[in-house]
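Report on the following structure.
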Amino acid sequence: MKIGIISDTHGSLPQKVFGLFEGVKAIFHAGDIGSFSVIEDLADIAPVYAVAGNMDRGALAKRFPKTDLVEIDDFCIYMVHEPYLLDIDPVAAGINCVIFGHTHAAHIEKKEGVLFLNPGSASIPRFGQRPSVMVCHMDGKDIRPVLLKF
């Protein structure tokens, strides 16, 4: 199974994302969505799970939760926009992967068996990075993230 991970679009979804997410079973948006049109466009590719970020206000903040726990196949994925607002112990909760955004900088790290992923920003990267998203290939209990810069 393959999933797409995106964050910090701030209302702009680059066309390149459509090709990069081709064939994904689901898309996870880790906040700072910026516009319902971003979610609608992503939903044309695959089902979308999303959390609200600190810049998502009004209707977006009401529509999307601050955190979400998603079970897909045999995987338990926890999403939060701001990593320091992680409100559970992912190891104790049996989480396989924590997806977050906010920093606009890509990050892949495994801690105590839990994979922590930040795809960077698809539209406003920082620190000299290029726009990026991730895809994860998931098989059994194995998650293989791939950072895709464009």
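The values are calculated or read from the model by the stated rules, or taken from the named source; none is laboratory data. Keep in mind it's a predicted model, so treat the numbers as computed, not measured. Glycine gets a Cβ as well: all are built from the backbone with ideal geometry, and neighbour counts include every protein chain shown.
Of the numbered conditions (1) in contact with a strand residue (DSSP E or B) (Cβ under 8 Å, 6 or more places away or on another chain); (2) β-branched (V, I, T); (3) at pLDDT below 95, I124 satisfies every one except a single condition; which is it? Checking I124 against (1) in contact with a strand residue (DSSP E or B) (Cβ under 8 Å, 6 or more places away or on another chain); (2) β-branched (V, I, T); (3) at pLDDT below 95, the one that fails is (1). A residue that is closer than 22 Å to F18 by Cβ, polar (S, T, N, Q) and without any contact (Cβ under 8 Å) to a residue 40 or more places away in the chain occurs nowhere in the stretch 103-111. Residue check: A93 meets all listed conditions (1) of a type in the set (A, V, I, L, M); (2) more than 27 Å from F127 (Cβ to Cβ); (3) surrounded by 13 or more Cβ atoms within 10 Å (Cβ to Cβ) but one, namely (3). Restricting the first member to the stretch 134-150 and to residues that are touching a residue at least 60 places away in the same chain (Cβ under 8 Å) and among the basic types (K, R), and the second to residues that are buried (at least 18 other Cβ atoms within 10 Å of the Cβ) and outside any strand (DSSP E or B), the beta-carbon pairs closer than 8 Å and six or more apart or on different chains are K141/N96.
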